[in-house]
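All remarks here apply to the structure that follows.
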Amino acid sequence: MRKIIASLDIGSSLIKLVVGEVIRNKVHILACVDTPSRGIKKGYVINGESATESFKEVFKKCENILGIPVNKVIVSVPSAYAECFLSSGTIAVNSEDKVIKNADVIKAMQKCMYKKIPENRELVTVLPTSFKVNDEVVSNPINMVSEKLTMKSIVVTVPKKNIDGINACLKNIGVELVDIVISPLGDYYEHNNKELNKMVGAVVNIGEDTTTVSIFNKGILTNLEVIDIGGANITNDLSYVYKINSEDAKYTKEHLALAHTRLAQPNESLSFIDKHGENVKINQYDASEIVMMRITEIINLAKKQINLLTKKEISYIILTGGVTESEDFSILTDELLGNLAHIERVEEIGARSNKYGTAIGMIKYYNSRLKLRNVDFSVFSEEEQEELCGSDKKVMVSDNSLLGKLFGYFFDS
């Protein structure tokens, strides 16, 4: 069957909805839309009515492209106060032949979670790190023979308040929340490769209101922290210095200023009417100097946070988020981070903008969790898939295609 997954990335500036079809582990974009966030602050719903209208708008835009509505979605929830902890679980293999099957792995995951998650927290994912079979540590126990199976894992949780407002808004517009993801998982899965999966590194997402710093050890999320600073601070700096409104400051940031002063031109400028009704002329060099100072602060804070989150040697730092698309951003990161810096670009056709990186990575992450044998997942029913492709050809869909949250914890097989 066609494997079609929809992801909703909720930011302070934009709400992004991406629908992608996974073919041979690659995401093919079917629809990619966004709309301004209203009633959202730092990923939290602060005004349910306004947020619901924003959600309704972005889903309507998607329906206009696909021709059918999206009624099921995986959703990014705020990473603030997320916790990652080590856990282990051991189960008996009950089959007559003692061959370990996928169901045994699921039971081991359940054992890792059992009575370890407080009532005020919600499980995001269980990330297996290793398995022990017959006193031997293995990466994949499937089809091995043993009396018991032991799994070690990283368990990731967030406060329930990070989810409740979002879920309520989605219910108001008739959309089912299939699973939750935190943005660092999406960021990593959008850009990971075999080499990164062998190393310890950091992912830094410079968002509108916050910057999220996360640590990955051989592809496993081990720690993260959210810093209350982001692209909005750059806008506020320009607005304060030049006494212009936020819209003009944002335009200056996006269309005039560079992330570094090295190539900035003093003779390039923009003119606005300031808050006192006077004409103000802003040249590129001066504006770039303001932007450079703030981005430098953000990156230096991220570096300090990395040192607090891990004592291991870092082999790479992936930088993503809208701010990383600022012109000459790489010049600044080369100065501050050297060869550790990797400014990743979204390359999927139909979504070539870093603002969609998290949402696309969420699809890749969720797909990697769905590799149970002979079972697939799609946000669209059999009839909807026929309507989507405009074909009379029958597409068979398993009755168990909606795997539910538990299958989202499955490891890469």
Notebook entry, point to check: When you scan the range 19-44, how many residues do you find that are without any contact (Cβ under 8 Å) to a residue 24 or more places away in the chain and of a type in the set (Asp, Glu)?
Noted result: 1
Check: Among the residues of the range 88-124, which ones are closer than 21 Å to residue 366 by Cα, of a type in the set (Val, Ile, Thr) and out of contact with any Ser or Thr (no Cβ under 7 Å at 6 or more places or on another chain)?
Finding: 105, 106
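Find the strands (runs of 3 or more DSSP E) located wholly in the range 194-236 whose residues include 1 or more that are small (Gly, Ala, Ser) and closer than 16 Å to residue 304 by Cβ, and list them. Before the answer, list the steps.
Working: elements: 200-206, 211-217, 220-227.
It comes to 200-206, 211-217.
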Item checked: Pair list, Cβ under 7 Å, 6 or more apart: the range 337-353 residue within 15 Å of residue 325 (Cβ to Cβ), other residue crowded, with 16+ Cβ neighbours inside 10 Å and aromatic (Phe, Trp, Tyr) -> 342/316; 343/329; 346/356
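Are any of the residues in the range 305-319 under 26 Å from residue 5 (Cα atoms) and out of contact with any Lys or Arg (no Cβ under 9 Å at 6 or more places or on another chain)? I'd like the intermediate steps shown before the answer.
Taking the range 305-319 and keeping what is under 26 Å from residue 5 (Cα atoms), we get 318-319.
From the residues that got through so far, the ones that are out of contact with any Lys or Arg (no Cβ under 9 Å at 6 or more places or on another chain) too are 318-319.
Checked against the condition, which is being under 26 Å from residue 5 (Cα atoms) and out of contact with any Lys or Arg (no Cβ under 9 Å at 6 or more places or on another chain), the range 305-319 yields at least one hit.
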Next item on the list: Specify which of the listed residues (368, 391) is modelled with pLDDT under 90 and not in a helix (DSSP H, G or I).
Entry: 391
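Of the residues 323, 379, which single one is buried (at least 16 other Cβ atoms within 10 Å of the Cβ), modelled with pLDDT of 75 or more and within 21 Å of residue 175 (Cα to Cα)?
Details: 323 fails: within 21 Å of residue 175 (Cα to Cα).
Sole residue among the options that is buried (at least 16 other Cβ atoms within 10 Å of the Cβ), modelled with pLDDT of 75 or more and within 21 Å of residue 175 (Cα to Cα): 379.
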Notebook entry, point to check: Within the group 282, 299, which residue is closer than 20 Å to residue 211 by Cα and touching a residue at least 12 places away in the same chain (Cβ under 8 Å)?
Noted result: 299
Margin query: Suppose we keep only residues that are touching a residue at least 24 places away in the same chain (Cβ under 8 Å) and part of a helix (DSSP H, G or I) within the range 240-253. Which one would you say is surrounded by the fewest Cβ atoms within 10 Å (Cβ to Cβ)?
Written below: 241
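Can you find, within the range 186-201, the residue that is surrounded by the fewest Cβ atoms within 10 Å (Cβ to Cβ) among those that are within 14 Å of the chain's Cα centre (by Cα) and farther than 16 Å from residue 127 by Cβ? Please lay out each step first, then the result.
Of the range 186-201, the ones within 14 Å of the chain's Cα centre (by Cα) are 186-192.
So of that shortlist, the ones also farther than 16 Å from residue 127 by Cβ come out as 190-191.
On the way: 190: 26, 191: 21.
The extreme case among them is 191.
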Next item on the list: Mind counting the residues in the range 254-293 that are part of a helix (DSSP H, G or I), more than 27 Å from the chain's Cα centre (by Cα) and of a type in the set (Asp, Glu)?
Entry: 2
Item checked: Single unsatisfied condition, residue 319 versus (1) touching a residue at least 24 places away in the same chain (Cβ under 8 Å); (2) within 22 Å of residue 249 (Cα to Cα); (3) outside any helix (DSSP H, G or I) -> (2)
Note to self: So, in the range 47-101, how many residues would count as being surrounded by 15 or more Cβ atoms within 10 Å (Cβ to Cβ) and assigned to a strand (DSSP E or B)?
What the structure shows: 11
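The values are calculated or read from the model by the stated rules, or taken from the named source; none is laboratory data. Since we're looking at a predicted model, the values are computed, not measured. No Cβ is skipped: glycine too gets one built from the backbone with ideal geometry, and neighbour counts run over all protein chains shown.
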